[in-house]
Amino acid sequence: MCGIFGAISDNHNILPTLLNGLEQLEYRGYDSAGIAFISNGRTERIRAVGRVENLRNEASRYQGSIAIGHTRWATHGGVSVENAHPHQSHHLMIVHNGIIDAYEEHKKRLIQKGYAFESETDTEVLAHLLHEATLNNADLISAVKQVIATVTGNYALLVMDQNDPTSLIATAQGCPLILGLKDDTTFIASDIAAIIPETNRLIYLEQGDCVIMQAGNIAYFSNQAEQVLSPIAISEKIQISDLSIEKLDIGHYTHFMLKEIFEQPHVIEKTALKAITQQFDPELFGEKAVTLFPQVKHIQILACGTSYFAGMVAKYWIESIAKIPTHVEISSEYRYREVLIEDGTMIVTISQSGETLDTIEAKKHAEENGAFASLAICNVKESVLPRTSDCRLYTEAGIEVGVASTKAFTTQLTALFILANALAKSQGKMDETTLSKHLQMLRELPAMIAQSFNCQEIASQWGTLLLNAKSTLYLGRGIHFPIAAEGALKLKEISYIHAESYPAGELKHGPLALVDDQMPIIALLPHDDLFEKVRANLHEVLARKGKLFIITDSKVPLDDLKGAHIMHVPEVSCALSPILLTIPVQLIAYYAALVRGEDIDKPRNLAKSLTVE
Ligand code: AGP
């Protein structure tokens, strides 16, 4: 995924603001960055491999009141200046997030028509298609409409024309674009993080719509209404964000990831608040949920990465609380498989960004094969998945800057626990005692999470002990196996230490061969009904001199597990212990990456969300 930011102002220098906003978007992709602007009637372009910071020096030599910018996570074409956006075709400059289908065919035809290419990107193809369209259209907006009517794929696109320095043109399909309105300046960005420092008056571009941005005003072309919106209709689209610039600040933390780990008690409480006051009422998920939930006979969860592990935990809750058969699938696998969907199947997508292409396409695949309803658990308001679903519940994690998901994950788990209870209640499977017990568990959860931070010191020590590890094994069982998987993913993605997760009971069926006195094994030993089983599994490890690190919320003495490192976290009700046991594995990964000096908030090769295959 990439980050787009553009602005047009009434004759004041917008370049510093543009660069600051782009830096807020770097978590979306940080392989390379670039800006283009019009200064003294000339289009200038500055591009660099690496961070936005690398643009500042040259940009400081210019002034411009109209500019577009981009941070890139490489898809088509390697990491190079030539592949960095903006891309140019004659008098046009564009920046783009997404992917254009079959761009090679377009490229061949354009080359035959005499267009010269400098990059390997699909975006440059789009730039030349737009220039070609201007040759037979009266104005640029018509050319843009012609091109988006002919290409397929998903895109958020921003166009600047040297021949018209008074406006920018934007359009989007399948990728978010948000307008920010200020008195004499209009902004547009992939994410509100770039806009909030300037204004909280936002308009979310509807899919397929186009907008001409001028200093302080816009012309909005609605695809659905097939007309230009009136000023009143435009004002009705304005949303006031409650996000503040302070919340984007790193504060006293060394990394956003650590800040976001410590925000979890607060954001979990925010996510649970309405569910507690409304006692798991299905309407929490939107008005359609009231009629849809009673009809749900099967649940199909679709997600990727950390969100997929949240789905794995949700399966246990939905099946045990709501008694609804639940299957969890990796989106990128599911979308290409011949799927069999039973009557009464509701699709549940879990996505922090709401714009992960694999999950968007997997949801479409399920709907094409008979799913009767859809529900999105998502952290980004108005993003593609919640917008295209029948029901939705937003996690209240706030902007998650760290590429490694932390608070988004635990608020997803909170939302999924709420979903299991709301489904049970809507189907008459929730008695008053259970309802009160689960509500009380949610009320107590934030304080328990806060208490679990007491493990920080030990987690730091364990992180140091992993410094030279070549590979690690994470063990969990039952509802806690997904947390072992999440711990392994956290360690991999920020410390670059290989980590594998395994169900503890499976160890003897092969992975036990890996155990020696070198490889660290991190095991979750919750005080649930599998406690003795897992304890026996851990004896198998110790019997082979395994380097064992045990995380437990049990008060049962573990003297028999001699030689193991032990970390105690507060005991919480079994149902919610997966959320609690997530904290230690997050902190262990953080400190392992810290001691190895890795770039924790922007790990190599990764991006915050993947709007591409
Ligand atoms: C987790 O730390 C990663 N950031 C990644 O696995 C992420 O969970 C995955 O890409 C799914 O993203 P989404 O939740 O925005 O759909």
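The values are calculated or read from the model by the stated rules, or taken from the named source; none is laboratory data. All of these numbers come straight from a predicted model, not from anything done at the bench. No Cβ is skipped: glycine too gets one built from the backbone with ideal geometry, and neighbour counts run over all protein chains shown. Side chains included, ligands, DNA and RNA excluded: accessible areas come from the protein's heavy atoms. Shrake-Rupley method; radii C 1.70, N 1.55, O 1.52, S 1.80 Å.
Restricting to region 263-283, and then to whatever is assigned to a loop (DSSP other than H, G, I, E, B) and on the phi < 0 side of the Ramachandran plot, can you tell me which residue is most open to solvent (accessible area, probe 1.4 Å)?
Q278
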Where residues in region 167-177 are at pLDDT below 95 and at negative phi, which of them is most open to solvent (accessible area, probe 1.4 Å)?
Q173
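Conditions tested, residue by residue: (1) more than 20 Å from A607 (Cα to Cα); (2) among the aromatic types (F, W, Y); (3) within 14 Å of the ligand (Cβ to nearest atom).
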| residue | (1), (2), (3) |
| --- | --- |
| Y308 | no, yes, yes |
| E319 | yes, no, no |
| E338 | yes, no, no |
| S351 | no, no, yes |
| A373 | yes, no, no |
| E400 | no, no, yes |
| A404 | no, no, yes |
| A408 | no, no, yes |
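Do you know which of the residues in region 59-91 that are over 30 Å from the mean Cα position of the chain (by Cα) and surrounded by fewer than 19 Cβ atoms within 10 Å (Cβ to Cβ) is farthest from A193 (Cα to Cα)?
Just the residues of region 59-91 that are over 30 Å from the mean Cα position of the chain (by Cα), to begin with: 59-65, 89-91.
This time we only want the ones that are surrounded by fewer than 19 Cβ atoms within 10 Å (Cβ to Cβ), so: 60-63, 90-91.
Values: S60: 23, R61: 26, Y62: 25, Q63: 23, H90: 32, H91: 30 Å.
Filtering first and then ranking leaves H90.
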Do we have any residue at all in region 479-499 that's away from the ligand (no atom under 16 Å from the Cβ), of a type in the set (G, A, S) and either open to solvent by less than 50 Å² (accessible area, probe 1.4 Å) or under 20 Å from S573 (Cβ atoms) (or both)?
no
Identify, from the list E355, E367, the residue that is over 17 Å from the mean Cα position of the chain (by Cα) and either in a helix (DSSP H, G or I) or touching a residue at least 60 places away in the same chain (Cβ under 8 Å) (or both).
E367
Could you name every one of the strands (runs of 3 or more DSSP E) located completely within region 502-613 that has at least 3 residues being open to solvent by less than 30 Å² (accessible area, probe 1.4 Å) and within 16 Å of the ligand (Cβ to nearest atom)?
none
Is at least one residue of region 103-121 closer than 30 Å to R387 by Cα and either at pLDDT 95 or above or open to solvent by 50 Å² or more (accessible area, probe 1.4 Å) (or both)?
no
In region 128-150, anything within 30 Å of the chain's Cα centre (by Cα) and hydrophobic (A, V, I, L, M, F, W, C) is listed as V144, V147, I148, A149
Options E342, E361: the member that is open to solvent by 10 Å² or more (accessible area, probe 1.4 Å) and under 20 Å from P176 (Cα atoms):
E361
Which members of region 448-474 meet the condition of being within 22 Å of K270 (Cβ to Cβ) and open to solvent by 60 Å² or more (accessible area, probe 1.4 Å)?
Q451
Checked region 238-262 for anything part of a loop (DSSP other than H, G, I, E, B) and among the hydrophobic types (A, V, I, L, M, F, W, C); matches are I238, L243, I250
